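Read the structure below first, then the notes.
Computed from the coordinates by the stated procedures, all read-outs in this text should not be read as laboratory data. Computed from a prediction, not measured in an experiment: that's the story for all the values here. When we count neighbours, we look across all protein chains shown, and the Cβ atoms used for this are built from the backbone with ideal geometry, even at glycine.
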């Protein structure tokens, strides 16, 4: 059974302190975190190292909980992705924007989606904007978040296989709808490889994030 099986959309909305969104998923609440969802205790505590991130085995299967965040440039694609994921059995939590505003700013939506994803082990997140660049940067400001810019099916797969990314950024103005949905499907379907060399590199980054001490440069 996947991480999201057994959670009805209504129950998820109630536990998250949110309501049903126009996108078809549950809305992120106005509080600090999705209260009541296992593994989310302490969300909003901006302490480096507070969360360990993805810990789902490499042989996971089934439906997943997916947090979405987008500004005006990714608004329509976010809603389409939410519909697609809901139709394929996944749990969607929409962290905004909930209405179209051509002057809105991406950081709030992307940081919220990233915080909730990191605090909910086994979930994934997707942040969207015009290019996905700023959205990826915003998500990566969250301690413990690993957000990759996915601009193809292959980069989405590698983000999971090699980087154990919990989130991806997608540019809403860079892809057709079909291309974007293929990227999303590849990201959700691809497991973390768990290879030692990749885990070692992630551990180096985690240590730097936790301590602020840069790794030694080989040969320096």
Shape call for the range 112-189 from the C-alpha gyration tensor, a ≥ b ≥ c root eigenvalues: rounded (a/c under 1.5), prolate (a/b greater than b/c) or oblate?
oblate
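For the range 60-150, what class follows from the C-alpha gyration tensor (a ≥ b ≥ c being the square roots of its eigenvalues): rounded when a/c is under 1.5, otherwise prolate if a/b is larger than b/c, else oblate?
On the way: a/c = 1.93, a/b = 1.18, b/c = 1.64.
Note, shape of the range 60-150 comes out oblate.
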Sequence ranges 145-152, 98-105, 182-189, 171-178, ranked by mean other-Cβ count within 10 angstrom, highest first:
145-152, 182-189, 171-178, 98-105
